[in-house]
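J.: Quick one: structure below, then a few questions.
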Amino acid sequence: MTDIAGQTIKRKEERTFKALSPFIKTGQWLGQAPNADRSERKVNAIETAQRAAQTAMTTRRTLQRAQAAARLNLRIIKMVVKAIAILVKGLAALLGISSSVIVLLCIVMAIAAVISSPFGIFASGENTDADVKPLSQIVQEMDAEFEAKLEEIQKSAGNVDRVEIHYTDSADNTRIDNWADIIAVFAVKTVMDTENGMDVVTLDSTRIGILHEVSWEMNQLESHVETIEHTETVTVQHEDGSSSEETTTSYERILHITVNGRKAEQQAEAYHFTNEQMDLMKELLSAEFRPQMLAILGKDMVSDFTTW
């Protein structure tokens, strides 16, 4: 009976060893790992996460072409957020490392992907480098340039009797604030340029130049001077009591300035946006992102100008 028991025990030990040996060779079996090995794996995982985070930040700063990442849309962004929660739970249980480390890694990866897309415009205010301007300041400066351009047109017209400014598609003929449209078009155009794509997080002189171009194309100015002849017939009384009619002619010079403000869809057609670019642009202009858009523009919920 002892021999049989010994044989039985021996066979069980052999089967157990065969079952465990693949895990021992690969080092992937965690169930019976010593505490020291577990601590070492935890430290290695943290170091790996830190290196990954540093790599992600370096990639963001050096990224010049982000067409692939730019294909993110609102639904994918929401999925990324949900995936973080799933990854945190799953990876923490699998690797036995701090969930905060996984959260950091996942967030860094998600942020790196989003800021390299047109949605990165919402993070442009976070860059405080010396050669970078906040979008709100750029908007103020360009609004001042717009007013200066109107004054320049009036001076160039010479002596006029009056000036009439016409704002196309404005029901009450007041200036339309299409800055949100401009920014949405600018962000998509800049990031998804197939030849010179770049992020819109860093608003340096190059990107500001592109923004100027888009802004003026979406607010084109036209002007002409109209001369109107006014003929007036008056009755003149003479000293001898007689009267006669005399006709006088005067000329009125009117300066007409037309501001052709474009909507985002109109400019997108001019730039030949693809369906994918159109979808991204519309999402940037959606009600869900309106608070963020107004915030980066430095505007209140109620704009000083008429909106579409």
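J.: Filter the range 268-299 for residues that are farther than 21 Å from residue 137 by Cβ, among the small types (Gly, Ala, Ser) and open to solvent by 60 Å² or more (accessible area, probe 1.4 Å) and give the result.
T.: Residue satisfying the conditions is 287 alone.
J.: Being among the charged types (D, E, K, R) and without any contact (Cβ under 8 Å) to a residue 24 or more places away in the chain is true for just one of 276, 246, 252. Which residue is that?
T.: Criteria check complete, one pass: 246.
J.: Given the conditions (1) in a loop (DSSP other than H, G, I, E, B); (2) in contact with a strand residue (DSSP E or B) (Cβ under 6 Å, 6 or more places away or on another chain), which single one is not true for residue 153?
T.: (1)
J.: In the range 220-242, which residues are surrounded by 10 or more Cβ atoms within 10 Å (Cβ to Cβ) and free of Cβ contacts under 8 Å to residues at least 60 places away in the same chain?
T.: Matches in the range 220-242: 220, 222, 224, 226, 227, 228.
J.: Just the residues that are open to solvent by 10 Å² or more (accessible area, probe 1.4 Å) and within 19 Å of residue 220 (Cα to Cα), please, taken from the range 180-206.
T.: Across the range 180-206, the qualifying residues are 180, 181, 189.
J.: Another question, if that's okay. Given (1) more than 30 Å from residue 183 (Cα to Cα); (2) open to solvent by less than 50 Å² (accessible area, probe 1.4 Å); (3) not hydroxyl-bearing (Ser, Thr, Tyr), where does residue 245 come up short, assuming only one miss?
T.: Condition not satisfied by residue 245: (2).
The values are calculated or read from the model by the stated rules, or taken from the named source; none is laboratory data. Keep in mind the model is a prediction, meaning the values are calculated, not measured. Every residue, glycine as well, gets a Cβ built from its backbone with ideal geometry; the counts of neighbours run over all protein chains shown. The accessibility values were calculated without ligands, DNA or RNA, using every heavy atom of the protein model including side chains. Shrake-Rupley method; radii C 1.70, N 1.55, O 1.52, S 1.80 Å.
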